[in-house]
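What follows is a set of notes on a single structure, which appears directly below.
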Amino acid sequence: HKLKENRLEVSAHQQTLLNQLREVTGTTDVQLLQQALCSNISEAVAFLTEKNAKVPQQDEATYYQTAQITNDRYISVGSQADTNVIDLTGDDKDDLQRAIALSLEESNRAFRETGITDEEQAISRWVLEASIAENKASLKRTHTEVWSDSPNPHDRKRQDNCPVGLKNVGNTCWFSAVIQSLFNLLEFQRLVLHYSPPARMQDLPRNQKEHRNLPFMQELRHLFSLLVGSKRKYVDPSSAVEILKDAFKSSESQQQDVSEFTHKLLDWLEDAFQIKAEEDREGEKPKNPMVDLFYGRFLAVGVLEGKKFENTEMFGQYPLQVNGFKDLHECLEAAMIEGEIESLHSAENSAKSGQEHWFTELPPVLTFELSRFEFNQTLGRPEKIHNKLEFPSMLYMDRYMDRNRDITRIKREEIRRLKEHLTVLQQRLERYLSYGSGPKRFPLADVLQYAMEFASSKPVCTSPVEDINTTAPPGGTTAQLTGEQPDTSVPAEGSGSGPQAQQQQRVSIHKPFTQSRVPPDLPMHPAPRHITEEELRVLEGCLHRWRSEVENDTRDLQASISRIHRTIELMYSDKSMMQVPYRLHAVLVHEGQANAGHYWAYIFDPHQQRWMKYNDISVTKSSWEELVRDSFGGYRNASAYCLMYIDDKKPFLIEEEFDKETGQMLSGLDKLPPDLKEYVEADNKLFEREMEEWDALQARKLQQEKLALAAASVAAQPMTSQHDPEYMEHQSPTGDSKHLQEDTERAISKAAAEHDEKSPEALLNTALKVEYTRLLRLAQEDTPPERDYRLQHIIVYFIHNQAPKKIVERTLLTQFADRNLGFDERCKSIMKVARAKLELIMPDEVNMEEYEMWHQDYRKFRDATAFLLIGLELFLKKSYVEALMYLIYAYQYNKELLAKGPYRGHDEELIAHYRRECLLKLNEHAAVLFETGEEIEVNTGLSIMNELVVACIPLLLVDEMEEKDMVAVEDMRNRWCSYLGQEMEPNLQEKLTDFLPKLLDCSTEIKSFHDPPKLPSYSTLELCERYGQVVTSLTPSRTPADGR
């Protein structure tokens, strides 16, 4: 028969029900809770919530059920049973209590079959209560928005051997976090990849489990094989997810709980491997690799009124409470001891009850569920616990092993004694550090020092108020306080007369630097009136001695406290208690609140010896410092939800596979069995074909653009063989043409003045030198930020960025080849020579592709400038919705330019600041609209968030080194998460629940935006003037840096 039988003793179930009743009713009396549990669940709730309930008689045998072995499931995992539909939509006043009772009664059955934890049951209770509060038990949720793939498949191509991500197909970050953690356990990966369905599939009973588990196992194999050998940056897990969602019977937009999903996943895998194991080992006890990998055993040692019991239980994921503990060891210590346990190791027949847990066998993969949710009775919903909880990268489990029971008890007793001593010392130290009997307290050493300073001050013989003249207070303050009005009937000499002069005299001008002068003989501090030298000598001696004694006592207390802390820390540091090492393999992180959030995982790569962050499609290098920041909690709404440790003495868990014949390490497709290798190769061919089709499409588009450009060039300039850039064209003597034409004619005139008799070619060469010298001087000039000469001329831009000489020469020659250059014969002749020189330039002399690339960069620089100035103008006008897209594209264009060189674009920090500020302003505006509660305003606010803010958040997260952007995103999320604990209308709660997962999604996948805003055509002069004006309008701390 299956291994699933003979699991989960009643003790764990009994404790779960006690915890549930404690949570729901607020009752903390353990004895009273046990009495209540003698009846059924509904009666228990009524008994504990009604004031005059009759106390049922307790059956002494109740507690002994914890020692009896039943045929139920393990604590951690179980099969999915059919779910009953409970109608709670009636108008009965006691609906809430009835819902809680029914929920607990349902959980009584579900626990035995599924192993759902207390935490999940609390969430289930909240769902029921929320349903009653809203009078809509079957409230429909809208489909959540899913990030779209980039249309360019090259953006989705895997780089080298980088890990493959998983696409979020609609609130499935929980799936990605767990699957990636398990996939990176190489032993687990091998088990899944090499799993083969039972050979006698047709002979097996076609029950619901097999209809579900075996197809899921096949989809999981396909998914793992793609994670191994795909050429895609990330893969789509939809097929496996859909099977899971059907089993959960949940809507697509519901966020699944990590522990719930992990329980279900391991249960299904165990079922699948169990079928295979029974087929392979007929007549023998089947061995299930999932059980061997993830399940361990502990010994429950209990006592009830002096009667002892022991029993062995199996466990999978071990649940730990977070609230009230500072680190993982404190959580474990509390989880291993329940109730009063003195009688366990006492010869006396004590009436106290309790039990200890001692691990007899630890699994290779040890998983801890950190319970970070508690049910808020006042609000009627679960709340997340954001407290900080530290955990080590290497965890030694020796102190919790049954074989070390005796020595651990000794050490625990020693620690208890030390902590009692520590408490006494800390209380004594507190009396020194917080001295006094009033509400305000100070360190005693400081009090004595202040007394010494007072006694040593120079004595004064007068009262502190006697030497102050109260007849003429500065600024008329006293007169105002006493209600007296100053006499203003007689004007001062030369001040004029009449109502205006009287008004001027009534308004007193306070002059702090002339009217509040301290009298020169007033001491800086209070001082004694009379003190003799003998009194001062005695008092100083006493105070000095007492202060020294206090300081010595304080130091001794602090040193003793430090020594005790150190002794406790080192209590388990001897080698005998460091023989069971477990290394941290993965940390599953949750960001958000109890009913909405986002999951991602940090996973250690033992071969590269570094942490990796798996965040849906994004897989990036990370560090222990980043893990600590996001996982310990207390810093923001992110904290660890699940910890996965692996036995450090079992390297096979993470060892790569080697070829038995060649001895070489297997990698990529070589790791896959033939059927999966064929599957991945087929998918890779599809992806390669997609890239080829994209490349062909882009080549056709480029060819069409070139043909259209050539046709337009011929139509506009039939006499010209080369098409000049738009900012070099001179079709009319206005705008840029006129400005550039004047510069060119000045250069020609200056050249002619120097060489009056020279030929047109000689004049052209001289004019070119004159113009280049002028532009070089502009490029070298130290100018304020608002006057950027790169905007005035392309050659200045080229000089700043060290463009090749040939490209600079050709660009300058194009300037002199303008047919609208001038009407005198000298300019026309120079123009003709310049055009002839352009015709004579051979293709091998100037790389035209490189030439066009430089001009494209300059066009992009001007566009980035236009986006920036329009965005800043709109921002300063508080038109944030309109400003955002301009600032977004200004940043994107500018970033692409700066990637080629530091002077290709504008100050990145400036644009990032206003992009960030614009998003913060929009977030604030949307939140204010949401708070109104009005349908139109709420929809407008959420529309702003969905279409603008949420869409732009990945742009801020893509570069995680930009701390200010990260903080801004955190502030925006915190603003909306703060609404979760507030009372609001059901329709608002529904909208908020739908919206928050999008906001909390940490994916850096960029959602495709609309096309860039259409830019007006600016002349160079207008562009420079408007850019200068808007930069001048900025605050001094936010003007661009001049790094040229």
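The values are calculated or read from the model by the stated rules, or taken from the named source; none is laboratory data. Note that the structure is predicted; figures quoted are calculated from it, not measured. Positions of Cβ are backbone-derived with ideal geometry, glycine not excepted, and every protein chain shown enters the neighbour counts. Side chains are part of the model used for accessible areas, which takes the heavy atoms of the whole protein and leaves out ligands, DNA and RNA. Shrake-Rupley method; radii C 1.70, N 1.55, O 1.52, S 1.80 Å.
Somewhere in region 942-951, is a residue over 21 Å from the mean Cα position of the chain (by Cα) and open to solvent by less than 10 Å² (accessible area, probe 1.4 Å)? There is no residue in region 942-951 that is over 21 Å from the mean Cα position of the chain (by Cα) and open to solvent by less than 10 Å² (accessible area, probe 1.4 Å). Determine if region 824-835 includes at least one residue that is open to solvent by less than 40 Å² (accessible area, probe 1.4 Å), among the charged types (D, E, K, R) and either more than 21 Å from E845 (Cβ to Cβ) or over 49 Å from the mean Cα position of the chain (by Cα) (or both). For region 824-835, residues open to solvent by less than 40 Å² (accessible area, probe 1.4 Å), among the charged types (D, E, K, R) and either more than 21 Å from E845 (Cβ to Cβ) or over 49 Å from the mean Cα position of the chain (by Cα) (or both): absent.
Counting only residues that are of a type in the set (V, I, T) and more than 14 Å from R158 (Cβ to Cβ), which one in region 224-244 is surrounded by the fewest Cβ atoms within 10 Å (Cβ to Cβ)? Filtering first and then ranking leaves I243.
For region 370-406, the set of residues classified as at pLDDT 75 or above and basic (K, R) consists of R372, K384, K388, R399, R403, R405, listed by residue number. Among the residues of region 629-640, just one is in contact with a Phe, Trp or Tyr (Cβ under 9 Å, 6 or more places away or on another chain), touching a residue at least 40 places away in the same chain (Cβ under 8 Å) and open to solvent by 10 Å² or more (accessible area, probe 1.4 Å), namely F632.
Just one residue in the set L868, L887, L897, L874 is of a type outside the set (D, E, K, R) and either at pLDDT below 90 or touching a Cys at 6+ places or on another chain (Cβ under 7 Å) (or both); that residue is L887.
Per-residue answers, yes or no, for (1) open to solvent by 10 Å² or more (accessible area, probe 1.4 Å); (2) touching a residue at least 60 places away in the same chain (Cβ under 8 Å):
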| residue | (1), (2) |
| --- | --- |
| V846 | no, no |
| A864 | no, no |
| L869 | no, yes |
| L887 | no, no |
| L897 | no, no |
| D907 | yes, yes |
| R916 | yes, no |
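For region 991-1001, state whether one or more residues are modelled with pLDDT under 85 and not in a helix (DSSP H, G or I). Yes; the residues of region 991-1001 include at least one that is modelled with pLDDT under 85 and not in a helix (DSSP H, G or I). Checking the structure you have, find out if any residue of region 572-582 is among the hydrophobic types (A, V, I, L, M, F, W, C), open to solvent by 40 Å² or more (accessible area, probe 1.4 Å) and either under 34 Å from the mean Cα position of the chain (by Cα) or modelled with pLDDT of 90 or more (or both). Checking region 572-582: at least one residue is among the hydrophobic types (A, V, I, L, M, F, W, C), open to solvent by 40 Å² or more (accessible area, probe 1.4 Å) and either under 34 Å from the mean Cα position of the chain (by Cα) or modelled with pLDDT of 90 or more (or both). Scanning region 587-610 for residues that are open to solvent by less than 20 Å² (accessible area, probe 1.4 Å) and over 30 Å from L992 (Cα atoms) turns up just one, I603.
Going by the structure shown, is D857 surrounded by fewer than 23 Cβ atoms within 10 Å (Cβ to Cβ), closer than 22 Å to E786 by Cα, in contact with a Lys or Arg (Cβ under 7 Å, 6 or more places away or on another chain) and of a type outside the set (A, V, I, L, M)?
Working: surrounded by fewer than 23 Cβ atoms within 10 Å (Cβ to Cβ): yes; closer than 22 Å to E786 by Cα: yes; in contact with a Lys or Arg (Cβ under 7 Å, 6 or more places away or on another chain): yes; of a type outside the set (A, V, I, L, M): yes.
Yes.
Let me confirm something: among K209, K264, which residue is basic (K, R), at pLDDT below 70 and assigned to a helix (DSSP H, G or I)? Just a single option satisfies the conditions, and that option is K209. Within region 770-799, restricting attention to residues that are more than 14 Å from R862 (Cβ to Cβ) and within 43 Å of the chain's Cα centre (by Cα), the residue that is most open to solvent (accessible area, probe 1.4 Å) is D782. Is it true that R412 is charged (D, E, K, R) and loosely packed, with under 15 Cβ neighbours inside 10 Å? No: the conditions fail for R412.
Each residue in region 290-320 was checked for being part of a strand (DSSP E or B) and more than 18 Å from T262 (Cα to Cα), and 15 of them qualify. When region 389-409 is filtered for residues that are loosely packed, with under 15 Cβ neighbours inside 10 Å and under 29 Å from A559 (Cβ atoms), only P392 remains.
Go through the residues of region 401-409 one by one and say whether even a single one is touching a Phe, Trp or Tyr at 6+ places or on another chain (Cβ under 6 Å) and assigned to a helix (DSSP H, G or I). Yes, there is a match, as at least one residue in region 401-409 is touching a Phe, Trp or Tyr at 6+ places or on another chain (Cβ under 6 Å) and assigned to a helix (DSSP H, G or I). The residue of region 537-578 that is nearest to Y400 (Cα to Cα), among those that are assigned to a helix (DSSP H, G or I) and acidic (D, E), is E569. Of all residues in region 978-1002, those satisfying the criterion of being touching an Asp or Glu at 6+ places or on another chain (Cβ under 9 Å), crowded, with 16+ Cβ neighbours inside 10 Å and under 21 Å from T378 (Cα atoms) are Y979, L980, Q989, E990. Among the residues of region 641-658, those identified as open to solvent by 60 Å² or more (accessible area, probe 1.4 Å) and either among the β-branched types (V, I, T) or not in a loop (DSSP other than H, G, I, E, B) (or both) are P651, F652, F658.
Just one of the listed residues (E970, E937, E873) is more than 28 Å from Y1027 (Cβ to Cβ) and open to solvent by less than 60 Å² (accessible area, probe 1.4 Å), and it is E970.
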